[in-house]
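The values are calculated or read from the model by the stated rules, or taken from the named source; none is laboratory data. Since this is a predicted model, take the numbers as computed values, not measurements. So basically every Cβ, Gly included, is an ideal-geometry build from the backbone, and we count neighbours across all protein chains shown.
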Amino acid sequence: MRPAGRVALGLGCDRGTPLRTIEEAVSQALALAGAGWDDVAAAASIDLKADEAGLLALARQRGWTLRFHAAAALAQVPVPNPSETVRRYTGTPSVSEAAALLAAGASMQALLVEKHKHRGPDGRNATVSVARMNE
């Protein structure tokens, strides 16, 4: 079943996560949402990841403009799965869910995939959330 309209991705990952692991996480999350790569209209993360090579490579490869949000902006977004561990490391209780919702211009009810975590064969973790675009 295809989602109604386009989707936005919220992306998080360990420092140094390779492109392949991030691609696997996104592919899995899109499948869970019933969406495909061509349905992605926006992608976002936290500004701490603005120099993350794997995220930047994915955006270049897919032709996406990756938006980066400050922790304070992400922290203002109500999410279903806030994490004190994430807050301790980033200053916000949510990266992927909050970034997806900001990119989608939508509220929590628009989340199609909440917090899909994937650990790659390299041992690095990527987290992807998918939200329906508010169109």
Output for region 27-55, where each listed residue is part of a helix (DSSP H, G or I), polar (S, T, N, Q) and either closer than 24 Å to THR92 by Cβ or modelled with pLDDT under 95 (or both): GLN28
LEU32 vs. criteria within 15 Å of the chain's Cα centre (by Cα), under 22 Å from GLN109 (Cα atoms) and either surrounded by fewer than 22 Cβ atoms within 10 Å (Cβ to Cβ) or aliphatic (A, V, I, L, M) (or both): yes
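Per-residue answers, yes or no, for (1) out of contact with any Asp or Glu (no Cβ under 8 Å at 6 or more places or on another chain); (2) in contact (Cβ under 8 Å) with a residue 12 or more places away in the chain; (3) among the polar types (S, T, N, Q):
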site: ILE46; (1), (2), (3): yes, yes, no
site: ASN81; (1), (2), (3): no, yes, yes
site: SER96; (1), (2), (3): yes, yes, yes
site: ALA110; (1), (2), (3): yes, yes, no
site: GLY123; (1), (2), (3): yes, no, no
Residue match in region 27-39 (condition: more than 19 Å from ARG6 (Cα to Cα) and not hydroxyl-bearing (Ser, Thr, Tyr)): no
Number of the exception - ALA103 against (1) surrounded by fewer than 16 Cβ atoms within 10 Å (Cβ to Cβ); (2) touching a His at 6+ places or on another chain (Cβ under 9 Å): (1)
Residue that is surrounded by the fewest Cβ atoms within 10 Å (Cβ to Cβ), among those in region 1-19 that are out of contact with any Lys or Arg (no Cβ under 8 Å at 6 or more places or on another chain) and under 17 Å from THR90 (Cα atoms): ARG15
Yes/no for GLU24 being at pLDDT 95 or above and touching a Cys at 6+ places or on another chain (Cβ under 9 Å): no
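Residue-wise test of (1) loosely packed, with under 15 Cβ neighbours inside 10 Å; (2) touching a strand residue (DSSP E or B) at 6+ places or on another chain (Cβ under 9 Å); (3) not basic (Lys, Arg).
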| residue | (1), (2), (3) |
| --- | --- |
| THR21 | no, yes, yes |
| SER45 | no, yes, yes |
| LYS49 | no, yes, no |
| ALA75 | no, no, yes |
Given (1) acidic (Asp, Glu); (2) surrounded by fewer than 23 Cβ atoms within 10 Å (Cβ to Cβ); (3) under 24 Å from ALA35 (Cα atoms), index of the condition GLU97 fails: (2)
